[in-house]
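Participant: Have a look at the structure that comes next, please.
The values are calculated or read from the model by the stated rules, or taken from the named source; none is laboratory data. Bear in mind the structure is a predicted one, so any value in this text is a computation, not a measurement. Cβ placement follows ideal geometry from the backbone for every residue including glycine, while neighbour counts extend to all protein chains displayed. Accessible surface is based on the protein model in full, side chains and every heavy atom, while ligands, DNA and RNA are left aside. Shrake-Rupley method; radii C 1.70, N 1.55, O 1.52, S 1.80 Å.
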Amino acid sequence: MGRLEGNVAVVTAAGQGIGKAIADRFAAEGAVVHASDINGELLTNPGFASRQVLDVTDGEAIAEYAETVGPINTLCNVAGFVHHGTVLQASDDDWDFSFDLNVKSMHRMIRAFLPGMLVKRSSNEQPGASIMNMSSGASSLKGAPNRYIYGATKAAVIGLTKAIAADFASDGLRCNAICPGTVESPSWRARVDALGDQMGSVEAAHADFVARQPMGRVAKASEIAGLAVYLASDESAFVTGSCYKIDGGWTL
Ligand code: NAD
């Protein structure tokens with residue numbers, strides 16, 4: 001029997017990288033998974049209960065989606081974008097785009113799904129209600145070079161997470177943040193390639209990323225999925241408002 005039997009879960013940005021690893025693992029653990037991504041072609045797992053094209057910056061689409069899906073146990077907010085640069089390379093539009101996609105999207109998703117989660121939770125049946133939000137080591141945990149806007153958004157995710165946790169702990173709804181270090185994913189590969197162009201070789205860029213990690217490697221997305229399963233399941237029933245560093249020692 002899987003660790004998430006009976007659990008109904010929604011995962012955003014489930015098309016690739018960390019979101020895909022989480023959605024695939026949730027399904028493998030027996031959850032009913034409603035997977036969404038702005039790029040529907042990436043949602044290929046036939047084991048998902050539904051595969052939805054969803055832009056998490058579209059509040060109306062999210063509200064409709066929540067109606068269609070109905071009450072859930074687990075909401076996993078993964079969608080996010082990495083802006084590269086210092087404050088001097090950050091336009092107002094860059095700032096607004098990242099905050100919309102990385103932070104306000106979570107506000108929209110939580111506002112739409114939380115009422116149904118509370119209704120499901122009030123039946124007092126297991127599994128409980130769990131929200132997890134993808135933050136990063138580059139947040140209030142660590143100032144990382146060229147992650148000015150990104151770090152600000154991911155710090156905001158931690159604040160949002162704690163506020164939700166505080167407001168709904170007595171209702172039995174838990175809300176936690178996941179703070180990865182560098183994780184192998186398609187967009188990370190693109191960042192390595194871009195840095196490689198600047199440094200003269202992709203190998204040098206890759207080595208530069210790896211050198212930041214005390215463990216001498218970047219994470220696999222499946223390692224983040226393992227933490228997400230724990231947070232979705234009742235194994236973590238007493239955990240709320242936490243920021244889980246999963247970074248190979250990067251923020252030490
Ligand atoms: P990725 O960046 O490779 O993929 C992102 C996915 O999000 C894609 O499938 C894309 O289609 C989807 N997406 C983009 N815009 C969207 C929108 N408006 N609505 C819905 N979906 C949208 O994946 P990743 O690198 O695993 O990153 C996933 C999350 O993890 C992000 O929030 C990122 O900030 C965070 N994170 C990543 C790393 C890392 O090193 N990869 C480290 C820490 C945190």
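Participant: List every residue pair whose Cβ atoms sit under 6 Å apart, with the two residues 6 or more apart in sequence or on different chains, where the first one lies in the stretch 126-137 and is free of Cβ contacts under 8 Å to residues at least 60 places away in the same chain and within 18 Å of MET109 (Cβ to Cβ) and the second, anywhere, is open to solvent by 10 Å² or more (accessible area, probe 1.4 Å) and away from the ligand (no atom under 15 Å from the Cβ).
Facilitator: ALA129/ARG121
Participant: If you check VAL210, VAL239, VAL229, VAL192, which single one turns out to be part of a helix (DSSP H, G or I), among the β-branched types (Val, Ile, Thr) and farther than 20 Å from PRO145 by Cβ?
Facilitator: Of the residues listed, the single one that is part of a helix (DSSP H, G or I), among the β-branched types (Val, Ile, Thr) and farther than 20 Å from PRO145 by Cβ is VAL229.
Participant: Can you find a residue that is among the hydrophobic types (A, V, I, L, M, F, W, C), under 18 Å from ALA237 (Cα atoms) and assigned to a strand (DSSP E or B) anywhere in the stretch 166-176?
Facilitator: yes
Participant: Taking the stretch 113-151 as the region of interest, how many residues are surrounded by fewer than 21 Cβ atoms within 10 Å (Cβ to Cβ), of a type in the set (A, V, I, L, M, F, W, C) and assigned to a helix (DSSP H, G or I)?
Facilitator: Matching residues across the stretch 113-151 total 2.
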